[in-house]
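Engineer: Sharing a structure below in structure tokens format, with a few things to ask.
The values are calculated or read from the model by the stated rules, or taken from the named source; none is laboratory data. What you are looking at is a predicted structure, and each value in this text was computed from that prediction instead of being measured. A quick note on method: Cβ atoms are made from the backbone with ideal geometry, for glycine too, and the neighbour counts reach across all protein chains shown. Keep in mind that these areas ignore ligands, DNA and RNA; they rest on the heavy atoms of the full protein, side chains included. Shrake-Rupley method; radii C 1.70, N 1.55, O 1.52, S 1.80 Å.
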Amino acid sequence: MGKQKQLTKQRLVLGIASLGVVGLALTALACPSTDQAYADDMTTTEDAKTITRVAVRPVLAVSLSPTVTIDLAPKASGSYSSSVAELKVSTNSRNGFAILMNGVNGTDLTSTRGGQDKIATISKASTLANFPANTWGYYIGEQVPTESHQFNSIPEVFTEIKSTTTSSDNQTYKVAFGTKIDTNLEAGLYSNEVLISVVANPVEVMGLQDLYYMQDMTPEICAATTSLEVTKELVDIRDNKTYKVAKLKDGNCWMQENLALNLSTNMTLTPADSDVTRNWTPTENTRTTISNNQNNNGLSSWSLTASNLGQQFYYQFNTLTAGTGQSVTNDGGAATDSICPKGWKLPLSGTKNDTVSGSFQYLLNKYKATTVNAVTSMPLSFTRSGSVYQGTLQQINTDGSYPSRNSASSAAAYRFYFGNNGGFRLSYPGDRPTGVPVRCVTISSSV
């Protein structure tokens, strides 16, 4: 999972006047990604009830006091002082955050008038009283620094200076910059900039229930999921549609709803969002009317109203395999790609794969599901959506047919088929041009 970051740039100016007054000014520049809640509402409707789910993304908010000053009268033996700014950080990330710092233009405060004089950063942690002459450093803590607190050297590269491991509504830190000056330093202004970065720590994903996007799923996450048959709704980043998914008794994670991806010649599926090994752009848009396309290598798909089932999507074999099924013609051969989301694949089928994890038969054997009622009930939830065959939408509410990634021949591909008339075939060699609904599976790394 990615990290959320905010940057705060501070300009430090030290002024040394002839009267021995030292000023330190900090100006905080807010990062463009300021305090903003990233929440997405996902609404589904079931019968007469509306269920609203809100997913809140990790966010950070950072603020810093705009100005601090130091009044200091240099002495031959060295005078020291510090001034404090308040850094406020809040996050809803349950793993907390880290604060990083670096000097933008090196680690020295340099004269704005040029010349060789500078105020170097201290070389090691030290109390302010023990600073070498004409040096500076920083302190960060929850209280104002005292004589006994250690200051640290300004890091030249981004370095973690503070971290937490829990969420915080509003955590306040005292950020102090201290300096020790003697009379050998030429009067003038000395400046630099310090950049503070606050990064939300990545959330450790413990299982399916920690996910938000379909594309975040991996075989390892599926394996780590301990709860069986607990439905979770995930978002497909390609179109923001949501799908119910669950880890089932076969140890794998299955979609419990049919894929509803509207294909377009203007939309390219990539390895970053889809189960493809290379970019693939459909050559046809998903249609809302049926044409009689009996080409074994057809690339058609349909979005149709299927009676009381509502809108259903149907894909030809070469379409649902993202164009890779065309070259796979041997019995049991598997297409390499599919239109499933990244991290998900088409199930396996065919006599050579019936006992293999990730196949329809392997799943149904775990449930002893041998009837239409068993496979259409929760948690399997396959639907009798029919199919698009020879120019018509057929067998709505009577038959169901789900494709695998496996070829049966140059004219057929293996599917899981069931029907009201007693048909129940786990490795049915169905015609490739027939449009069928799609389910996807993530095969656990531990099965």
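Engineer: Work through the residues other than residue 298 whose Cβ is under 15 Å from its Cβ and net out their charges, Lys, Arg +1 and Asp, Glu -1.
Structural biologist: Charge balance in the 15 Å sphere: 0.
Engineer: Once phi is turned into ³J(HN,Hα) by the Karplus curve 6.51 cos²θ - 1.76 cosθ + 1.60 with θ = phi - 60°, what whole-Hz value does each residue of the stretch 261-270 show in order, with x for glycine and proline?
Structural biologist: With coefficients 6.51, -1.76 and 1.60, one gets 8, 7, 7, 8, 5, 9, 10, 9, 7, 10 Hz.
Engineer: Summing +1 for each Lys or Arg and -1 for each Asp or Glu, what net charge is found among the other residues whose Cβ lies under 13 Å from the Cβ of residue 141?
Structural biologist: Overall, the nearby charge balance is 0.
Engineer: Under a point spin-label approximation (7 Å from Cα along Cα-to-Cβ), what is the residue 297-residue 392 distance to one decimal in nm?
Structural biologist: 3.0
Engineer: Another question, then. State the percentage of accessible surface on the stretch 277-339 attributable to carbon and sulfur atoms; use a 1.4 Å probe and exclude ligands, DNA and RNA.
Structural biologist: 43
Engineer: Also, I was wondering about something else. At a probe size of 1.4 Å, how large is the accessible area of residue 238, to the nearest 10 Å²?
Structural biologist: 40
Engineer: Exceeding 23 Å between C-alpha atoms, which entries from my cross-link table qualify? They are 241/345; 75/174; 75/118; 244/352; 88/124; 244/366.
Structural biologist: With Cα atoms farther than 23 Å apart: 75/174; 244/352; 88/124.
Engineer: Share of the stretch 192-253's accessible area from carbon and sulfur, percent, 1.4 Å?
Structural biologist: About 50 percent, which is the carbon plus sulfur part of the accessible surface.
Engineer: When the accessible area of the stretch 396-437 is split by element with a 1.4 Å probe, what percent falls to carbon and sulfur?
Structural biologist: 43
Engineer: Quick one: net charge of residue 402's neighbours, Cβ under 9 Å, K/R +1, D/E -1?
Structural biologist: It works out to a net charge of +2.
Engineer: Let me ask something additional. Suppose all protein chains stay in the model; what accessible area per residue would a 1.4 Å probe give for the stretch 246-313, in Å²?
Structural biologist: Per residue, the stretch 246-313 has an accessible area of 43 Å².
Engineer: What shape does the stretch 347-447 have by the C-alpha gyration tensor, where a ≥ b ≥ c are the square roots of the eigenvalues, rounded means a/c under 1.5, and otherwise prolate means a/b greater than b/c and oblate the rest?
Structural biologist: It is oblate, given that a/c is not under 1.5 and a/b is not larger than b/c.
Engineer: Something else about it: Where the eigenvalues come from the Cα gyration tensor of the stretch 78-178, what are the semi-axes √(5λ) of the equivalent ellipsoid, largest first, in whole Å?
Structural biologist: For the stretch 78-178, the ellipsoid semi-axes come out as 28, 16, 11 Å.
Engineer: Moving on. Over the stretch 338-441, give the accessible area per residue in Å² for a 1.4 Å probe, as an integer.
Structural biologist: 35
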